[in-house]
Each structure stands twice: as structure tokens, then as C-alpha cells.
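The values are calculated or read from the model by the stated rules, or taken from the named source; none is laboratory data. Just so it is clear, the structure is predicted and the values come from calculations on it, not from any experiment. A quick note on method: Cβ atoms are made from the backbone with ideal geometry, for glycine too, and the neighbour counts reach across all protein chains shown.
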Amino acid sequence: MNVNDVSFERERPDVYGDAHPKALLRAIQEDGDYLVQLANQHIVSGDQFDQDTMKQLFRLAAKIESNPKRFSSPLQNKILISAFYEPSTRTRLSFESAWHRLGGDIMSITDRSTTGIAKGECLADVAEMFNNYGDCVVLRDNHESSLYEMMDALRIPIINAGNGIDEHPTQALSDMYAIFKWRPELLDAANNSKIRIGVIGVPNKMRTVRSFLKCLSVFPHAVEELVVIHDEASANDLFGAGQREELTARGIKISTSTELDQVLPRLDVVYINAISWEGDTFNTYGNAFHLTAKSPLKQDAIILHPLARGEELSTDLDHTAHNWYFSQARGAVFLRMALLTCMVERAERVIDVV
Ligand code: CP
């Protein structure tokens, strides 16, 4: 590195992943009742959200993203307990960034061994203490059941920020927020606008994919077809119990394929993930599939990836118009700002703000 050349460019390039929150904002009529109803709700699963509630959350997120300086104080005097017992770059830091940007204070735990859990304290007792110390909990835990063990004792809301291979609902909301910023017309069934979505991954093993499909299925009018692209080894274990049937019942037409390059030319959205947390470690699936700048993507197709990325997503795509994964990660801050504000009974401070 040349230490005499340390200048950098603050302007974001507008040639790729350029999200347009104002177009989405204009596409949705405000109805604050749906936001007020989120007060004191635990956020556990993508199944919890109906179409109207999601639309209002996306609208509020777009409003905040369009003018973040207007929303610097709604969470004053509120405390977030951020408990992450499994590695995270985006989820922990975007939740904490969201809370800070809204004017709140944070207590952060990044290792359960620094708490009484290391001495055998049960999660219900930890939750009882959290009731006294904070106003909201965000929990990532590699054990699926920990969330539920804490919920029983909590009198403040908790957000599931990833529980083992089960669910990651706020990631899914952020994914949907990115899609609707890209094409706001998809929100309204009357527009008859539809997209083909390819998911490269194993819904039964990946919490991000499972939650994403649950949220996607709330907007069946927008989906021409869902193609799940998988390797041969996952063929008999692709969906968890009932998920395929549930998606079909909601009106999602599903096909599967093991031939990525044959499918790619007809996809509008490519959602790729390869990592699954299992127990105390992670496995990678679908490493047979790689997206690169040379992949036969439709010219205007976008790529979403919850990240962290591995070899499946080449960095040569970063500077192409297909890259919406960085925009997806950036937008998660505003989506989480919207959700957190509503959960801790501060929705009235952001509704009607222009
Ligand atoms: N998308 C996501 O969950 O990323 P992290 O593991 O970095 O939080």
C-alpha cells in the first residue's frame, strides 16, 4: 500500500444495487394501526406477518431510509439487550446500529460464558433478569429452543435473530424490503406484475431461506414461479415438514432443478445462500453452484444473498447491476429501525412524521 495515497470516495456508486426507498414509500398508503399492533409482540417466525403489516413496515423503513435524520430520537430512554451467542457481522451490528440511530442505549453480550449460563443458570432466570434491565432483547442462539425457554419468562419483547437452523425472520423481512424497493409495483396484485425467483439453497437446512420463503408466500400474486436449485445430495431433504405443501396452498408454483445454468436465464431474482449453522458449527451446502459475472443471468436480474458469502458468490459480481446483496444488507438497518420502534411502543413517534 502507498501510504501517501489514503484518499477515498464517500459517494456510493449508483450503477448497482441502488435502492429507491422513495418509490416504495409512494406506493404504500400509511395505516399506522398495523404498526401500533406490533407493540409488545415477540418476533419469532416469518409466519407472523400478514401482507398489510409487512407493507406498513416496509413503508416505515422506506420513510426512515429516505430521511434518517428525522428519526434520531424515538428510542430515547429505551435499552436494548443484544445477546449473540453465535457469530454475526450483519445482524448484531445492524440491530445495534438501528437502535443507536434511533437514540436508544445498548447492553451487548457476545459470549454466553460471560453470563451466569456458564455456571448453570437456566435461561428462564436470565430472562427474568432481562425484564429488569432492558426494554427489548435481540437473541441469536445456535439452540433452536433457547428462544422459547426465554420467551416464557420475558415481559419485554424478544426478536429471534437466528435460532439454529430454524428461522431468521428479520433477515427475511429485509430480503422482501429489498425486492419491493427494486420493484414497488410487485406490491399490488392489481398491477399483475410477477417475477420468477430462484433459490439456491436448502430450505430445510437454512434458516434464512426458510424464513424468506414464509414471507415470500404472503405475496403469491407477485410470484410467477419459485425454482429451488439444489445438489443431488439434498434432493430428498429439501423442505422441512409441511413447508412445500404450505407454499403450494398459498399459491406459489414450485419447481426444483439441479442445473443452475439452465435455470438462470429465466430468473428475475436469484437468492443464494450456502451456509447452515448446525449445532456448534456450520456446514456449507450447494458448493457445486457458483455465481460469477460470466453466469448466464438475465440482463436485469438481481442477486440477493444474506451473507456471509463463500465461494458460491464471486466478487466479480460486486460491481455489476446484479449486485443487490449489499443494498439488501444496508436496507436491513432501516427495516430493523422500523420494527424496533413499533415493538417498544414508540410507533406513535414515527407515524405521521414526514
Ligand atoms: N445475514 C446474517 O445473518 O448475517 P450474520 O450472520 O453476519 O448476522
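Things worth noting here:
- Selection of strands (runs of 3 or more DSSP E) fully inside segment 203-275 by the criterion of at least 2 residues being of a type outside the set (Lys, Arg) and closer than 26 Å to THR53 by Cα returns 223-229, 269-272.
This table checks each residue for (1) assigned by TED's automatic domain parsing to the domain that holds ARG336; (2) touching a residue at least 12 places away in the same chain (Cβ under 8 Å); (3) more than 18 Å from VAL333 (Cα to Cα).
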residue	(1), (2), (3)
SER72	yes, yes, no
ILE81	yes, yes, no
TYR85	yes, yes, yes
SER94	yes, yes, no
ARG101	yes, yes, no
GLY116	yes, no, yes
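- Qualifying residue in segment 101-124 (condition: under 19 Å from the mean Cα position of the chain (by Cα) and in a helix (DSSP H, G or I)): yes
- Residue check, LEU267 buried (at least 21 other Cβ atoms within 10 Å of the Cβ), farther than 24 Å from GLU86 by Cα and more than 14 Å from the ligand (Cβ to nearest atom): yes
- Restricting segment 177-202 to residues that are farther than 17 Å from LEU25 by Cβ and in a loop (DSSP other than H, G, I, E, B), the residue that is farthest from the ligand (Cβ to nearest atom) is ASN192.
- Per this entry, ASP300 is not counted among residues that are assigned to a loop (DSSP other than H, G, I, E, B), touching an Asp or Glu at 6+ places or on another chain (Cβ under 9 Å) and either touching a residue at least 60 places away in the same chain (Cβ under 8 Å) or in the same structural domain as ASP31 (by TED's automatic domain parsing) (or both).
- Residues within segment 156-176 that are assigned to a loop (DSSP other than H, G, I, E, B) and within 16 Å of the ligand (Cβ to nearest atom), tallied: 5
- Within segment 298-325, tally of residues that are of a type in the set (Ser, Thr, Tyr) and either within 16 Å of the ligand (Cβ to nearest atom) or under 19 Å from the mean Cα position of the chain (by Cα) (or both): 1
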